[in-house]
1. Helix B:179-192: angle to the longest alpha-carbon principal axis of chain B, degrees 0 to 90, nearest 10?
2. Between residue A:46 and residue A:16, what is the spin-label point distance in nm, taking each point 7 Å from the Cα along the Cα→C-beta axis?
3. So for chain A, averaging the separation of alpha carbon pairs under 8 Å that are six or more residues apart and normalising by length, what relative contact order in percent results?
4. Considering only the label points, 7 Å along Cα→Cβ from Cα, what distances in nm to one decimal separate residue A:176 from the same position in each other copy, shortest first?
5. In nm to one decimal, list the spacings between the residue A:137 label point and its equivalents in the other copies, with label points set 7 Å along Cα to Cβ, shortest first.
6. May I ask you to report, in nm to one decimal and beginning with the shortest, the distances from residue A:92 to the same position in the other copies, taking label points 7 Å along Cα-to-Cβ?
7. For a label point 7 Å from the Cα of residue A:151 along Cα→C-beta, name the residues of the range B:37-77 whose backbone N is under 16 Å from it.
8. Among B:111-123, B:156-168, how do they line up from the highest to the lowest mean number of other beta-carbon atoms within 10 Å?
């Protein structure tokens, strides 16, 4: 299983945004929606071995984590707007505990800490950062969680939390890419490996 | 210079679509808009050494080609909707000949054939296709044009046209990816090379 955890520092945690304004009023939710696209979509297929955790830390009720499971997900389309509708629907239904909002989409009040605690026992955790080990030289496990930030870096506190759980810091090169592009590159790299 | 030519077989060539319906009424223009994002965006930067040619073959006035130049472009944001607005604006202004619709965005009535004829003298042309030579084993020039199709394959006629101009058929592996993901992977591969 390939898992991607993306932290949205300003992304709204309540459904108080318009689908016409995902890049503005939703707190750059558009960044996270493109990550969902990159994680799951193949040409005419969905990656059933992928999972995405969007950790929403913006107003009004943070944290909220929206989870997409490739093995179960339905009604997922590549465009930002329709995926935004799935996230908004999840936020409308979510509160305490883990709730299934639509097939393969779940919402919870999990924090970044909670998500890492849940995923750590499941396999390798990899922090994607510019100054890590080059990915092509790095041993990756089949069960792996890649952790990324949105358009802002992880905060020092988030970074400390993550680095307390893994020493695997991996780089895609000296150039800093958008989070969704990082996921596409990682998926391609994983596709070239045999497990 | 890295150039990307993407053929949109159903993408509308007139501005008769709504920005709320880019994946539907605009003939899967969303696919092409994501290609623009993949070609240009770095974290907090734009690739000034990239150019994109969107060849629009859908109704009502095909062909139209919308060209983005990274060295000149302004008002380009990563989300689909705002890039869709730039394309719609170009189509509103375009007709015969080459017209600049906004900084770094040009529209013309060039066909796929015309675009290839224009780009062939500028350097290597590469056809991205599943059954080509693995990209990591392929010599790529600094001045290179990658040709891709939207969610449909090139037609036999388009493929014949392209293959009459280049023998460089390059693959990203056995898995078939979305066009925008292909561009992200190609850009990353090019970033690892020294020219």
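1. With both axes taken from Cα atoms, the answer is about 50 degrees.
2. Label at residue A:46, label at residue A:16, 3.1 nm between them.
3. Relative contact order comes out at 24 percent.
4. List, nearest first: 3.8 nm.
5. 2.4
6. 3.1
7. B:37-38, B:40-47, B:74-77
8. B:111-123, B:156-168
Computed from the coordinates by the stated procedures, all read-outs in this text should not be read as laboratory data. This is a predicted model, so every value here is computed, not measured. All Cβ positions, even for glycine, are placed from backbone atoms using ideal geometry, and neighbour counts span all protein chains on display.
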